[in-house]
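**Q** A single structure is presented below for examination.
The values are calculated or read from the model by the stated rules, or taken from the named source; none is laboratory data. Since this is a predicted model, take the numbers as computed values, not measurements. Here Cβ is always computed from backbone atoms with ideal geometry, including for glycine, and neighbour counts include all displayed protein chains. Ligands, DNA and RNA are stripped out before the accessible areas are found, and what is left, the full protein with its side chains, is counted by its heavy atoms. Shrake-Rupley method; radii C 1.70, N 1.55, O 1.52, S 1.80 Å.
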Amino acid sequence: MDGSRKQEEEDSTFTNTSLADDKDHSSRILYPRPKSLLPKMMNADMDVDAENQVELEEKTRLINQVLELQHTLEDLSARVDAVKEENLKLKSENQVLGQYIENLMSASSVFQTTDTKSKRK
């Protein structure tokens, strides 16, 4: 019984194709018997659709993240430019104020250097 059951299982999954008209079946090759692929294809399609959906969601998330980072970079770049301009403006104002203070000090007798040796004599 085991031998006939094994033969039946082989017969249900493989097709015998004879290469010649031999009576002892020595030249036969076993080929897989085609099965209905529709259920597997439908499951595969659903798996592919689910995978595509997940992949699409991931791509969308990444694109949104890249766009957000680009906007952040643009904002930071604009802020750096504004700070540079403010820095240059403040440096210029500091130079003007420094020059003004020097002029005041040179015009004032309080800050004039005195020659102590000439006054003693």
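**Q** Near GLU57, within a Cβ-to-Cβ distance under 15 Å, what is the net charge of the other residues, with Lys and Arg +1 and Asp and Glu -1? Please report the intermediate quantities before stating the final value.
**A** Values: positive: LYS59, ARG61; negative: ASP49, GLU51, GLU55, GLU58.
Net local charge, GLU57 excluded: -2.
**Q** Over the stretch 53-112, what percent of the accessible surface lies on carbon and sulfur atoms, probe 1.4 Å? List each step's numbers first, then the result.
**A** Working: 3350 of 5610 Å².
The C+S portion of the solvent-accessible surface of the stretch 53-112 is 60 percent.
**Q** Also: Hey, rough spin-label estimate for THR72 and GLU58, points 7 angstrom out along Cα→Cβ, what's it come to in nanometres?
**A** Label at THR72, label at GLU58, 2.2 nm between them.
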